[in-house]
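All remarks here apply to the structure that follows.
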Amino acid sequence: MKENDERKDFVFKITVIGDGGVGKTSLIKKYTKGSFKKEYIKTL
C-alpha cells in the first residue's frame, strides 16, 4: 500500500451556537448521520 493510500481518521471538536429553533441540531445531524427531519423537536 502506498503512503498516499493509507486511511486517515480525524477528530474535530466543533461548537455550534445560536438562538433556539434555528437548526443547530439539524445541521449537525445532516452532516454526521446524513439525515434531516423537517419536524421541530426541542433539544436541551
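The values are calculated or read from the model by the stated rules, or taken from the named source; none is laboratory data. What you see is a predicted model; the values in this text were computed from it and never measured. Don't worry about glycine lacking a Cβ; one is built from the backbone with ideal geometry, like all the others, and counts go over all protein chains shown.
Against the conditions (1) more than 17 Å from the chain's Cα centre (by Cα); (2) surrounded by 10 or more Cβ atoms within 10 Å (Cβ to Cβ), Asp19 satisfies every one except (2). If the condition is being loosely packed, with under 10 Cβ neighbours inside 10 Å and either among the small types (Gly, Ala, Ser) or over 19 Å from Thr15 (Cα atoms) (or both), then the stretch 28-42 contributes Gly34, Ser35, Lys38, Glu39, Ile41.
When Leu27 is tested against (1) free of Cβ contacts under 8 Å to residues at least 12 places away in the same chain; (2) part of a loop (DSSP other than H, G, I, E, B), only condition (2) is not met. Checking the stated criteria, Phe12 turns out to be assigned to a loop (DSSP other than H, G, I, E, B), exposed (fewer than 10 other Cβ atoms within 10 Å of the Cβ) and either of a type in the set (Phe, Trp, Tyr) or touching a residue at least 60 places away in the same chain (Cβ under 8 Å) (or both). Would you pick out the residues in the stretch 1-40 that are at pLDDT below 80 and hydroxyl-bearing (Ser, Thr, Tyr)? Within the stretch 1-40, Tyr40 is the sole residue that qualifies.
Could you tell me which of the residues Val16, Val22 is in contact with a helix residue (DSSP H, G or I) (Cβ under 9 Å, 6 or more places away or on another chain) and not hydroxyl-bearing (Ser, Thr, Tyr)? Just one listed residue meets the conditions, Val16.
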